[in-house]
Amino acid sequence: MSKPQIQNKPLGQLKPYEKNSRTHTEENISQIAKSIKKWGWTMPILVDENDVIMAGHARYEAAKKIGLKEAPCLTVSDWSDEQKKSYVIADNKLALNSGWDYELLASEIEELKAMEFDVAALGFGEAELDSIFKEDIDMSILDELDDMELDDFEENVKKAIQIEFEREHFGEAQDLIKFWRDKGAYVGHMIMMFLKQEKERL
């Protein structure tokens, strides 16, 4: 396998991988565009010898959004079709498998706020930032609760149900849910009431 080389390439020369299964909302693209504006190119777009994008589709779209004409690209050659297909998936999934130390994360964001840094550039939405700084439940209180009180406590904890969307609807669904959550709406109840109404029409 030959050693990858980095060079600037015109955006118009690059070709998105047609079976890329990773989706990005307009909000996500805008966040990445802000990141490129603030810090420049910190990670090149990965392309094959035919300039098909293997990793960096969102960076590619963000660069177009802010009017850039070219981008640094890391070119790999001699990859088999199997290597290309698997890497496009693995690159996205491996990034999702990591987690956060929320105590340290909150501390770092607080320090950035004190420096008057625009934390929106970090890529977290308002709802995510709210959840990061939301006080944790003091689990020690559970030692003082009897069984009935524990049942009541459990009933007050929200539970999630997975809802599937077609790829073309996913981004819009994310935006709509974020819109209503930001307004403090109980989205689960809204969905339940709509489904109940539809059921009664049958």
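Here are some residues: P16, P44. Which one is more than 16 Å from G67 (Cα to Cα), in contact with a Leu (Cβ under 6 Å, 6 or more places away or on another chain) and not aliphatic (A, V, I, L, M)?
From the options P16, P44, the qualifying one is P44.
Give me the pairs: first residue in region 91-120 and outside the structural domain of I132 (by TED's automatic domain parsing), second residue among the basic types (K, R) and modelled with pLDDT of 85 or more, beta-carbon distance under 6 Å, and six or more apart or on different chains, which are they?
Pairs that qualify, where the first residue is outside the structural domain of I132 (by TED's automatic domain parsing) and the partner is among the basic types (K, R) and modelled with pLDDT of 85 or more, are N92/R22.
Identify, by number, the condition in (1) of a type in the set (F, W, Y); (2) over 16 Å from the mean Cα position of the chain (by Cα); (3) modelled with pLDDT of 75 or more that F170 doesn't meet.
With respect to (1) of a type in the set (F, W, Y); (2) over 16 Å from the mean Cα position of the chain (by Cα); (3) modelled with pLDDT of 75 or more, F170 is out only on (2).
Any idea which of (1) in contact with a His (Cβ under 8 Å, 6 or more places away or on another chain); (2) closer than 23 Å to A173 by Cβ is the one E27 doesn't satisfy?
Every condition holds for E27 apart from (1).
From the residues in region 113-148 that are in contact with a Lys or Arg (Cβ under 9 Å, 6 or more places away or on another chain) and not in a helix (DSSP H, G or I), which one is modelled with the highest pLDDT?
D118
Give me a count of the residues in region 11-33 that are over 15 Å from the mean Cα position of the chain (by Cα) and surrounded by 15 or more Cβ atoms within 10 Å (Cβ to Cβ).
4
Checking the condition loosely packed, with under 13 Cβ neighbours inside 10 Å and outside the structural domain of G12 (by TED's automatic domain parsing), which residue from E82, E49, E126 passes?
Step by step, each of E82, E49, E126 is checked, and only E126 is loosely packed, with under 13 Cβ neighbours inside 10 Å and outside the structural domain of G12 (by TED's automatic domain parsing).
Q5 versus (1) among the polar types (S, T, N, Q); (2) touching a helix residue (DSSP H, G or I) at 6+ places or on another chain (Cβ under 9 Å); (3) surrounded by fewer than 14 Cβ atoms within 10 Å (Cβ to Cβ); (4) modelled with pLDDT under 90: which is the lone unmet condition?
(2)
The values are calculated or read from the model by the stated rules, or taken from the named source; none is laboratory data. None of the values given here were measured: they were computed from a predicted structure. Note that we place each Cβ from the backbone using ideal geometry, even for glycine, and neighbour counts take in every protein chain shown.
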